[in-house]
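Some notes on the structure that comes next.
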């Protein structure tokens, strides 16, 4: 296992050639190679945004929708969920703003669209901390990092070579 690292997308991958590089050991006995920076044990690929999502974010469309939505939603509480009814209203909003889209955009980006809609709505209604919570709860990088805490605890409690 020492010669491989775990990639979220591809499973175990071979590490770059370490030949001729300085070899050291951490206090816990892990091998590290000098001269090449830090090679992570686990690589987690970030979500690639589609052109459609990038445009909506860049043009502040989610925020603009959230402002109008919250103004009309007096009964909005923290149990709010972005459902098909909300997506339909968002599509109407996009058409009013003459933002081009197709159904495939909504199918491909379904989960991230819902996350951005809910986060912006919560930002307007409940504040920026609530927006940050929504983004964190739906961020695969953060969620994977949380899942890896037990591994970090094991590494931190590993015996030290002093």
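Quick notes
- Taking other C-beta atoms within 10 angstrom as a stand-in for reagent exposure, 149, 69 fall in the order 149, 69, fewest first.
- Residues 68, 115 arranged by fewest to most Cβ contacts within 10 Å: 68, 115
- Ellipsoid fit via the Cα gyration tensor, the range 81-144: semi-axes of 22, 15, 9 Å, each the root of five times an eigenvalue, largest first.
- When you work out D = kT/(6 pi eta Rh) for the range 48-93 at 25 °C and 0.890 mPa s, using the Kirkwood radius from C-alpha pairs as Rh and the Stokes-Einstein form, the result is 208 µm²/s.
Every number in this text was worked out from the coordinates using simple rules, so none of it is lab data. None of the values given here were measured: they were computed from a predicted structure. Note that we place each Cβ from the backbone using ideal geometry, even for glycine, and neighbour counts take in every protein chain shown.
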